[in-house]
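What follows is a set of notes on a single structure, which appears directly below.
The values are calculated or read from the model by the stated rules, or taken from the named source; none is laboratory data. These numbers come from a predicted model, not from an experiment. Positions of Cβ are generated from backbone atoms using ideal geometry, with glycine treated the same way; all protein chains shown enter the neighbour counts.
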């Protein structure tokens, strides 16, 4: 699972073998969540509200970069870090 970013201690990653709705995963301690890249809606999982806000604030202006890395990962190409 390629990590594409670290945001405030939370790991953002994209599975290379997933298809369907373009999304990314967030992992921190005991919490995991999957978020739709286009709508930034939660697909599954849970993050406490302050952590979710941090992720959504980070992801909003980076949707194009997240989508590019989703396309790369699902096509079997390496992903790059998003800053």
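Those strands (runs of 3 or more DSSP E) of the chain in which at least 3 residues are touching a residue at least 12 places away in the same chain (Cβ under 8 Å), considering only elements entirely within it, cover 3-7, 10-13, 23-28, 31-36. The residue that is modelled with the lowest pLDDT, counting only those in segment 43-81 that are in contact with a helix residue (DSSP H, G or I) (Cβ under 8 Å, 6 or more places away or on another chain) and surrounded by 17 or more Cβ atoms within 10 Å (Cβ to Cβ), is 79. Evaluated against (1) under 11 Å from the mean Cα position of the chain (by Cα); (2) surrounded by 16 or more Cβ atoms within 10 Å (Cβ to Cβ); (3) farther than 17 Å from residue 65 by Cβ, residue 13 falls short on exactly one condition, (3). When residue 38 is tested against (1) at pLDDT below 95; (2) more than 10 Å from the chain's Cα centre (by Cα); (3) closer than 23 Å to residue 76 by Cα, only condition (1) is not met.
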